[in-house]
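Enquirer: One structure coming up, written as structure tokens, with questions to follow.
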């Protein structure tokens, strides 16, 4: 190499030229590196815009045909070309609220235990295990839902529930296993890890002085936790709940497998229903006709809009809490 | 006195309740693991890994095509998600200005929040409709898009954790920016970045919803890259909702295999991450 280079270099003044070629060879390389990474960053921008554009453009047929009434009408009749999203929106809301009703107390309880009571090593180990729950694929939750949860609900949970609360509209009618209730329970297991791990982080970030001040005034540890630590951390905990809710709304497979896939609006939690994500999963490949497809894509747009708003709120709440704790 | 006693009792009772919450949550994990191992390992046989699915009514067969299909789809996903995510993360951490970086970060968060089924719809419209058929490529693109946000975020975070003084030392020695990034900063963070990518891959490996109308399903081998292909998660779904007893057995076996793969990647990656954390903080 050197032998080949030297004759060329000898013909020109060696010192400054070598430096200049070095600089010249560098600057394009630096620019190239910049451009390559910029292209990657730009493509992220492009992909996200594409997602939005596709949803918006491909649902235009349905949006123009039905307008806002799409969200409030109940009929879902592909044969007659009538599409109303209410049963799916209702099912999505009911299952998610039910999931939150179970997962929030459980998740926050576990987070309090892990942040306030458990020794750090135990807490880390248990959190590690709970976070593994979040890694279990949703189709496996669905599998367990069909073959384990549904029989358990059918044999051991629903009969006593009905004998005690059967008079309320929430628990009326025959129970066939697949229902809002089953979907809500499966969802609650799926979102608990998010609530636990985010809430625990938030609780840990509450300054020690807050706890010490309260304990010094004679409060018990629980009073300290409940009246001092929780109010301090409440925004971040709301954030974790919104995050979990966004997960629950967009969850597809597990819900599809246990909700019964029946487009109806029923007050009873024991009845089968349908969710937005489930109807897209089930009917998208079979959708014949532009209007049908367009209506399903509009459902996707609705789902996207709602999760977008929830995620934004969650981020804002978690961010403001961690800002507080950094300052103090 | 009475008041104090009540205080103490409520203290014990409430913390006991939180302990129970923790126990139940952790218990669910062990229940899931135990049940899948119990049911799945029993259903698992050598033919599961080597044979094609049996026709309806026949007992036996396996999911060899789905295992290969999943691997192919994940390969395409990695080829799309990892380079874009990695380079995007490098841009945000090392080159980004204020304005465009903010937009890119925002878009990444937005993409991360998109429900997986919606990604399926978009890829269907963009690739499947244009190619006029379902394909391995389309499935891979869908999963690849899902990989990008986490890949970007983990790359950016691990690069951020590298002390500024390392970069300055490189610069002071006369290295160009790209040399500093490529030979000092990235190698220092590479372990974290790689585990982040692995976790990302494990996450999309279990995704079913975006594959339903991109890769679809297939009872046979899928030749090349432009034909519909079976994948493990979609097979689990299809077999679990079928009315056949033997298919349920196969679904358990497939669930067991998938969960073992996903959880072992998670375990290893998290252990590596936990070990490498102090280095990054220093």
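Enquirer: Could you please give the count of residues in segment B:225-243 that are loosely packed, with under 15 Cβ neighbours inside 10 Å and in contact (Cβ under 8 Å) with a residue 40 or more places away in the chain?
Expert: 1
Enquirer: Okay, next question. Residues that are more than 30 Å from residue A:178 (Cβ to Cβ) and within 12 Å of chain B (Cβ to nearest Cβ): does segment A:76-96 have at least one?
Expert: Within segment A:76-96, not a single residue is more than 30 Å from residue A:178 (Cβ to Cβ) and within 12 Å of chain B (Cβ to nearest Cβ).
Enquirer: Follow-up question, since we're still on this one. Residues in segment A:298-306: is at least one at pLDDT below 90 and either away from chain B (no Cβ under 14 Å) or buried (at least 17 other Cβ atoms within 10 Å of the Cβ) (or both)? Even if it seems obvious, please write down each step before you answer.
Expert: Of the residues in segment A:298-306, the ones at pLDDT below 90 are none.
No, because not a single residue in segment A:298-306 is at pLDDT below 90 and either away from chain B (no Cβ under 14 Å) or buried (at least 17 other Cβ atoms within 10 Å of the Cβ) (or both).
Enquirer: Residues to consider are B:44, B:52, B:29; find the one that is under 20 Å from residue A:186 (Cα atoms), surrounded by 14 or more Cβ atoms within 10 Å (Cβ to Cβ) and either modelled with pLDDT under 95 or more than 7 Å from chain A (Cβ to nearest Cβ) (or both).
Expert: Only one candidate passes the filter, namely B:29.
Enquirer: Could you list, in sequence order, all residues of segment B:200-222 that are more than 24 Å from residue B:62 (Cβ to Cβ) and surrounded by fewer than 19 Cβ atoms within 10 Å (Cβ to Cβ)?
Expert: The answer is none; no residue qualifies.
Enquirer: What do you reckon, is residue A:119 surrounded by fewer than 20 Cβ atoms within 10 Å (Cβ to Cβ), closer than 30 Å to residue A:224 by Cβ and modelled with pLDDT of 95 or more?
Expert: no
Enquirer: Let me ask you something else. Does residue B:243 satisfy the condition of being out of contact with any helix residue (DSSP H, G or I) (no Cβ under 6 Å at 6 or more places or on another chain), closer than 22 Å to residue A:281 by Cα and modelled with pLDDT under 95? Steps first, answer last, please.
Expert: On the way: out of contact with any helix residue (DSSP H, G or I) (no Cβ under 6 Å at 6 or more places or on another chain): yes; closer than 22 Å to residue A:281 by Cα: yes; modelled with pLDDT under 95: yes.
Criteria met by residue B:243.
Enquirer: Please give the helices (runs of 4 or more DSSP H) falling wholly within segment B:59-175 in which 1 or more residues are away from every other protein chain (no Cβ under 12 Å) and under 30 Å from residue B:249 (Cα atoms). Show your work before the answer.
Expert: Numbers: elements: B:64-90, B:99-113, B:116-123, B:136-160, B:164-172.
In segment B:59-175, the matching helices (runs of 4 or more DSSP H) lie at B:64-90, B:136-160.
The values are calculated or read from the model by the stated rules, or taken from the named source; none is laboratory data. Just so it is clear, the structure is predicted and the values come from calculations on it, not from any experiment. Cβ sites come from the backbone with ideal geometry, for glycine too, and all protein chains shown count toward neighbours.
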